[in-house]
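As structure tokens, the structure follows; a few thoughts come after it.
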Amino acid sequence: MTCALALFSGGLDSILACRVVAEQGITVLAVKFVTPFFGYELLAEEQEYAEKVRELYGIDVVLHDLSEPYFAMLRNPPHGYGKNFNPCIDCKILLLREAKRLMAKYSASFLITGEVIGQRPMSQRRDTLRVIERDSGCTGILLRPLCAKTQEPTFAEREGLVDRERLLDFSGRGRQPQMQLAEEFGLRDYPRPAGGCVLTESDQAKRIAWYYGHYPTVRLNDIRILLFGRHFQLPHGGWLVLGRDAAENARLEELHDPGDYLVYMPERPGPMGVLHDAGHPDDLAAAAGLVVRFGKKMDAASAAATVLFACAGEERTLVAEPLADLIFQEWSL
């Protein structure tokens, strides 16, 4: 039986692309690539996610962690960035390249995406779609079922693996054709259009761009930590992250590198902090002041607090006053 491998974002277009091809009696396996920028939390519940997708959409899906090659690509994407720190064209090229590599593992004859020509201004123009095919090495083997009739026939169509007449000619940014097709398939509980990738979000993108500008080696847990909490670049190069609630405090404790300081007040409620590159005493003092500033408010007579710094089995303490807002405003990332 013919098998196709589909790039699966979990959005409506990728759902429909899988279903359109599966309707022709072809086995479709959806591959959802994840990185800390999109979908990474699913790795902790892979089986539950697969069962949910199968139940809701009738699609079999597997997860593949693409973090490390994605980090490398993000440092210098050949086709550049979008409005923020989003390398949309090179992202799609990397995903397709990895999908092509997986074809032999899953005995797939061709690839599927849910792209619709003209839907996205950066990565789904006609010329860009051709560039993505070429640079990913997928020319001829990549089928876009939702807009196939606006494109030249692919290998799967020429060889009769799929019936081109049963494919579609969607184009443009309107969503009505997709919604109507979803209705025909009996699909109602599907995600509405959304960003999905934090690299397209202005505040997150600026913070990630800052990290790439300061650190030549990317660490997985650093990237995960970048996506939550309060962040500060201290005057002498230290990078401090403070949790905003108990859940973020717990995540920082879980994700911090053993070479970083864990910073907190042992005798007062307040944030957990992770301090990276703390080589200067003034940065330690600044970190202590920030931990006290964002801790539980106390009256002026008892505002100062003991702050503990723990790293690699060693501990030290500083007594600090809460840092004034005017002092650290420019440190915020």
ASP135 meets each of (1) modelled with pLDDT of 95 or more; (2) in contact with a Phe, Trp or Tyr (Cβ under 9 Å, 6 or more places away or on another chain); (3) outside any loop (DSSP other than H, G, I, E, B) with one exception, condition (2)
| query | On the given criteria, is LYS83 more than 26 Å from VAL162 (Cβ to Cβ) and modelled with pLDDT of 95 or more? | reply | no
Per the filter on the range 48-76, residues in a loop (DSSP other than H, G, I, E, B) and either more than 16 Å from the chain's Cα centre (by Cα) or touching a residue at least 60 places away in the same chain (Cβ under 8 Å) (or both) are GLY58, ILE59, ASN76
Flagged in the range 216-247 as part of a strand (DSSP E or B) and either polar (S, T, N, Q) or farther than 14 Å from ASP260 by Cα (or both), in numbering order, are ARG230, HIS231, PHE232, GLN233
Mind checking whether some residue in the range 14-28 is among the β-branched types (Val, Ile, Thr) and closer than 28 Å to LYS206 by Cα? no
Residue count, the range 127-170, condition touching a residue at least 60 places away in the same chain (Cβ under 8 Å) and among the hydroxyl-bearing types (Ser, Thr, Tyr), comes to 0
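In the range 238-255, which residues are touching a helix residue (DSSP H, G or I) at 6+ places or on another chain (Cβ under 7 Å) and either crowded, with 19+ Cβ neighbours inside 10 Å or within 24 Å of LEU323 (Cβ to Cβ) (or both)?
Scanning the range 238-255 gives GLY238, LEU240, VAL241, LEU242, GLY243, LEU252.
The values are calculated or read from the model by the stated rules, or taken from the named source; none is laboratory data. None of these values were measured; they are calculated from a predicted model. Please note: Cβ atoms are built from the backbone with ideal geometry, for glycine as well, and neighbour counts cover all protein chains shown.
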